[in-house]
Amino acid sequence: MHEEPLSAPGYPTTRLRRLRYDARIRDLVRGVRLSPATLVQPLFVRRGSGVQHEIASMPGQYQWSLDLVVEEAARLAELKLGGVILFGIPDEKDATGSDACCDEGIIQDAVRAVKAAAPGLLVMTDVCFCEYTDHGHCGVLYERQGLVDVDNDATLELLSRQAVSHARAGSDLVAPSGMMDGMVAAIRRGLDDAGFTHLPIMSYSAKYASAFYGPFRDAAESAPQFGDRRGYQMDPATTAGQALREVELDLAEGADMIMVKPALAYLDVISAVRQRFAGVPLAAYNVSGEYSMVKAAAARGWLNERQTVLESLIAMHRAGADIILSYWAQDVAQWLKDES
């Protein structure tokens, strides 16, 4: 049956228009729905007492001391979020990021504290070294012919030790983010050998060397002291085919879940990964720069923050993401609760 267009006065209303005229009907036929259960809130944890230090480039986000992060975790648990992912900021950093592998390190203490305060909340841990090294890179370094770079193979053993230490502390899921070749296989072997065969790995499989990470580096105090991370993170100018190869390699090594990071500028990559690996849980990281630019525009009245955030997260789900890590997770969960 031919539907007449709406371009001229007097023409009949189309079926598509009839599905939009009433808010209740729009809700009935909506294909993409946000849920707190699919959202993960990142939290930054440091030593001290009574610390709730607002991150200047990320208004509304904080570095928390252990005594206060447990209160925040309890609030998040009440909102029934899908989980939290913890990033640790140690008091002291060194060339190998030794605090990251210490059973009494900041992130290990944070896991135990959050699990005790909110036992029903899923606790994920970022597995990387950029927050722990004094040079800000994602692994140990080597110098060859005047070039200083990350020693991929030497870093693998440390990543395995870090993941096992997180597992001993009680992490429910480890998320390696360093983009080292072979990192998933090394972590899987380490976890299995230590008796944590049940613990899943969510790999940052397609992580780009993005300009959108700037505020995170303030939050985690992890900016590289020299150079950049383009030697091991993906070039934004590459096609989605390279991302598919990275994902395929991680899955072959034992990844249980995969991630694309950042999200908004890489919706095409999310969509391509979803189509190629339809049965694999797929996460998208709504990163700090995406958060901060909306916050800045909203503060000036240029954007409606709530509407912009919801539209952005819907776009990520529509592209194919099952899970979204977002600094707005708590806000969105509260908005959805208020609407119910």
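The packing ranking of peptides 319-327, 77-85, 27-35, highest mean first, is 319-327, 77-85, 27-35, where packing means the average number of other beta carbon atoms within 10 angstrom of each residue. Convex hull volume of the C-alpha atoms in the range 33-339, normalised per residue: 128 Å³. Under a model in which nothing but the beta-carbon of Lys, Arg (+1) and Asp, Glu (-1) is charged, the chain shows a dipole of about 1540 debye around its Cα centre. Specify which residue in the list ALA321, GLN307, ILE258 is farthest towards the positive end of the charge dipole of the chain, using unit charges on the beta carbon of Lys, Arg (+1) and Asp, Glu (-1), about the Cα centre. The Cα lying farthest towards the positive end belongs to GLN307. Here the simple spin-label model places points 7 Å from the Cα toward Cβ, and for ALA37 and THR197 these points are separated by 2.9 nm. Angle of helix 152-169 to the longest C-alpha principal axis of the chain, folded into 0 to 90 degrees and rounded to 10: 80°. When the listed pairs LYS80/LYS295; LYS115/LYS295; LYS93/LYS207 are checked against a 26 Å cut-off, the alpha-carbon distance exceeds it for LYS115/LYS295.
Take every Cα pair under 8 Å in the chain that's 6+ residues apart, average their separations, divide by the length, and report that relative contact order as a whole percent.
It comes to 17 percent, rounded to a whole number.
Principal-axis analysis of the Cα atoms of the chain puts helix 329-339 at an angle of about 30° to the longest axis. For the Cα atoms of the chain, what angle does the longest principal axis make with the long axis of helix 305-319, in degrees from 0 to 90, nearest 10? It is inclined by approximately 80 degrees.
Once you have the Cα-Cα distance between ASP256 and ALA296, take 0.36 nm times their residue separation minus that, and quote the gain in nm to one decimal. Show your work: numbers first, answer last.
Details: separation 40, 0.36 × 40 = 14.40 nm, distance 3.59 nm.
So the extension gain works out to 10.8 nm.
All of the numbers you see were taken from the coordinates with simple rules; none came from a lab. Everything numeric here is computed off the predicted structure, so don't read it as measured data. Every residue, glycine as well, gets a Cβ built from its backbone with ideal geometry; the counts of neighbours run over all protein chains shown.
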